[in-house]
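Asker: Sending over a structure as C-alpha cells; questions will come in a sec.
The values are calculated or read from the model by the stated rules, or taken from the named source; none is laboratory data. Everything quoted here is computed from the prediction, not taken from an experiment. Backbone-built Cβ (ideal geometry, glycine too); neighbour counts: all protein chains shown.
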Amino acid sequence: MTMLDFTGSPIGAALLAAGAATAAILLYRRDVAGRGRFVRFALPALRAAAAALTALMLAGPVLRHRRTIGELARVRVVLDRSASMGLTDPQMEPGRKLLIAHRLGWTEAAGLDSAPLRAAEELAVARLDAEALAAGGADGADAVVARVEAASRHLAEAAPETLAAFREIGSVEWERWSDVPGEKVEDLIRHAKFRNPPDRRGRIREMRLPMPEGDQFGTRIRGYLIPPVSGDYVFWLASDDGGELWVSPGEDPALRSRVATVAGWTGPDQWETMPSQKSRRVRLEAGRRHFFEVLHKEGNGEAHVAVRWQLPDGAIESPIPGIRLLPLEAGGQFDPRAAIESELRQPAGRLAEAARRGDAAAARRKAADLARRLAV
C-alpha cells in the first residue's frame, strides 16, 4: 500500500498554499489585463499552482509504501481504574477473573482451558444456594444438585494436563497420642510415645480440632499454609490445655519458629486471654507453601485447639479456613473429578433426598454440611 504523508503540518501547509495561490491570482490578473481571454485566465492559474506547490513542499511530502507479510500482531489494553480485575485483588480468585476476561473477549481462547474455571463458577453459586438453604430457605435443593452436576460435567471436559496440575487443598492431618499424662506441651514432646506413630489420626477442614473425648492425651496438627496475598500476618492460638503454634518462612520444617503459645488454658474462641496467644507480625508470601505445626496437650476436662489469623489488609479469618491449607503429604496424584464425586455429589444427593422427604431439619443440616465442603 502506497500513501502520501507529510513530515510537517499538512493543515498549515494547505492553508499556506491556498493563501499563496489566492495572492498569485490577484497580483497577476493586473499584469495580464488587456490580453487575450485565455492568457488572462491560464497564466494566473499556472502561477497560483506553482505558488501552492511551493508552499506544500514546506510540509515535507513523503511517499510511504508498506507491505504486510503474515498477520499483524494485536495488543488490547483494558483500563481498570478500580483494580477489580487485578490478579492481586484478594476479593476474587484469579481463576474467576480469567474466566470473566475470557468471556468478555479480553483474552484469546487458545491456550486457556476454561473447563475448571466454569466448574469453579458453578460450585461458587452452589455454595451460596446451600448456605441459603442452611439458613432456613424453603427450597432450592434441586438447584444445588444441578450446579454440582454441572461442575462435574465441566471437569470431565478438562484436558489431562490441566487435571494433572491440580493439587489437593482444604485439609490437614491431625495426630493423637493417648495415655500421655500432663497438661503442658513439654509433657507430650518429652514422652516416649511421641517418638512412635500416633494412636489415632484424621483430617480437619479448618484450623480447629473438634473437642475430642477423653483425658491425658496430646495432639499434633501439621501441614502447609497457602497465603492469599504477600504481607505481614498475625496469628492467634486458643487451646485447652497447653498449646504451641510454629510457622516456617517456607516449606522447610527445620526453619520453623514458635509464634504463639498457651500456658494453661483458654475457653473456645477466647483469643485474648493471655498476651502469648497473639503472635508478632509474620511475613508470608502469596501462593508459597509455609510449613506449620500445632502442638496441643490435654490434661483433664474439656479439650479444644484452634488457630486464626489476620490478613495484611486487616481481615480476620477465624479459624483459618480449609482453602488456605495444604496437606503435608498429598498421597499421590490428586483427581478433582473423584473428589467432586465423593465430597460433593454424594452429599448433594443426600440433601436432595432429605428435601424430597419433606424433612426440613435434616435438609438444613445437610445443606450446612455441603456449604462447608463447598467453601473448601
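Asker: Quick check on the range 175-195. Is at least one of its residues of a type in the set (Lys, Arg), assigned to a helix (DSSP H, G or I) and farther than 30 Å from Glu341 by Cα?
Answerer: Yes, the conditions are met somewhere in the range 175-195.
Asker: Might you let me know whether the range 154-175 holds any residue that is hydroxyl-bearing (Ser, Thr, Tyr), farther than 18 Å from Leu370 by Cα and touching a strand residue (DSSP E or B) at 6+ places or on another chain (Cβ under 6 Å)?
Answerer: Scanning the range 154-175, I find no residue that is hydroxyl-bearing (Ser, Thr, Tyr), farther than 18 Å from Leu370 by Cα and touching a strand residue (DSSP E or B) at 6+ places or on another chain (Cβ under 6 Å), so the answer is no.
Asker: While we're here: Assess whether Ala254 counts as being more than 30 Å from the chain's Cα centre (by Cα), of a type in the set (A, V, I, L, M, F, W, C) and over 11 Å from Val305 (Cα atoms).
Answerer: no
Asker: Does the range 174-192 hold any residues that are crowded, with 17+ Cβ neighbours inside 10 Å, of a type outside the set (A, V, I, L, M) and touching a residue at least 40 places away in the same chain (Cβ under 8 Å), and which are they?
Answerer: Across the range 174-192, the qualifying residues are Trp174, Arg176, Trp177, Gly182, Glu183, Lys184, Asp187.
Asker: Pro312 - would you say it is part of a loop (DSSP other than H, G, I, E, B), surrounded by 14 or more Cβ atoms within 10 Å (Cβ to Cβ) and either within 29 Å of the chain's Cα centre (by Cα) or at positive phi (or both)?
Answerer: So Pro312 fits the description; yes.
Asker: Take the range 274-284 and flag every residue that is surrounded by fewer than 14 Cβ atoms within 10 Å (Cβ to Cβ) and either at pLDDT below 95 or touching a Leu at 6+ places or on another chain (Cβ under 6 Å) (or both).
Answerer: Once the filter is applied, which keeps residues that are surrounded by fewer than 14 Cβ atoms within 10 Å (Cβ to Cβ) and either at pLDDT below 95 or touching a Leu at 6+ places or on another chain (Cβ under 6 Å) (or both), the range 274-284 yields nothing.
Asker: Right, here's the next one. Give the residues of the range 292-306 that are assigned to a loop (DSSP other than H, G, I, E, B) and surrounded by 13 or more Cβ atoms within 10 Å (Cβ to Cβ), sorted by residue number.
Answerer: Those that are assigned to a loop (DSSP other than H, G, I, E, B) and surrounded by 13 or more Cβ atoms within 10 Å (Cβ to Cβ): Gly299, Glu302, Ala303.
Residue-by-condition table, conditions (1) in a loop (DSSP other than H, G, I, E, B); (2) modelled with pLDDT of 95 or more:
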| site | (1), (2) |
| --- | --- |
| Arg201 | no, no |
| Arg220 | no, yes |
| Val229 | yes, no |
| Tyr233 | no, yes |
| Leu237 | no, yes |
| Glu251 | yes, no |
| Arg258 | no, yes |
| Gly267 | yes, no |
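Asker: Something else now. Output the residues belonging to the range 239-249 that are assigned to a loop (DSSP other than H, G, I, E, B) and under 19 Å from Leu209 (Cβ atoms).
Answerer: The answer is Asp241, Gly242.
Let's see how each residue does on (1) in contact with a Cys (Cβ under 7 Å, 6 or more places away or on another chain); (2) under 30 Å from Val148 (Cα atoms); (3) of a type in the set (A, V, I, L, M, F, W, C):
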position	(1), (2), (3)
Asp252	no, no, no
Ser257	no, no, no
Trp271	no, no, yes
Lys297	no, no, no
His304	no, no, no
Gly322	no, yes, no
Leu325	no, yes, yes
Glu329	no, yes, no
Leu344	no, yes, yes
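Asker: Hey, another quick one. Looking only at residues in the range 151-161 that are surrounded by fewer than 17 Cβ atoms within 10 Å (Cβ to Cβ) and of a type outside the set (Lys, Arg), which one is farthest from Asp113 (Cα to Cα)?
Answerer: Applying the filter and picking the extreme gives Ala156.
Asker: Something else: Give the residue, chosen from Arg258, Arg289, that is farther than 17 Å from Ser318 by Cα, of a type outside the set (Asp, Glu) and crowded, with 16+ Cβ neighbours inside 10 Å.
Answerer: The conditions single out Arg289.
Asker: Okay, moving on. Of the residues that sit in the range 195-249 and are basic (Lys, Arg) and touching a residue at least 40 places away in the same chain (Cβ under 8 Å), which one is surrounded by the fewest Cβ atoms within 10 Å (Cβ to Cβ)?
Answerer: Arg203
Asker: Quick one: count up the residues across the range 274-284 that are part of a loop (DSSP other than H, G, I, E, B) and either basic (Lys, Arg) or touching a residue at least 24 places away in the same chain (Cβ under 8 Å) (or both).
Answerer: 3
Asker: Got a sec? Which of Arg356, Arg365, Arg337 is out of contact with any strand residue (DSSP E or B) (no Cβ under 7 Å at 6 or more places or on another chain), assigned to a helix (DSSP H, G or I), at pLDDT below 85 and surrounded by fewer than 18 Cβ atoms within 10 Å (Cβ to Cβ)?
Answerer: Criteria check complete, one pass: Arg337.
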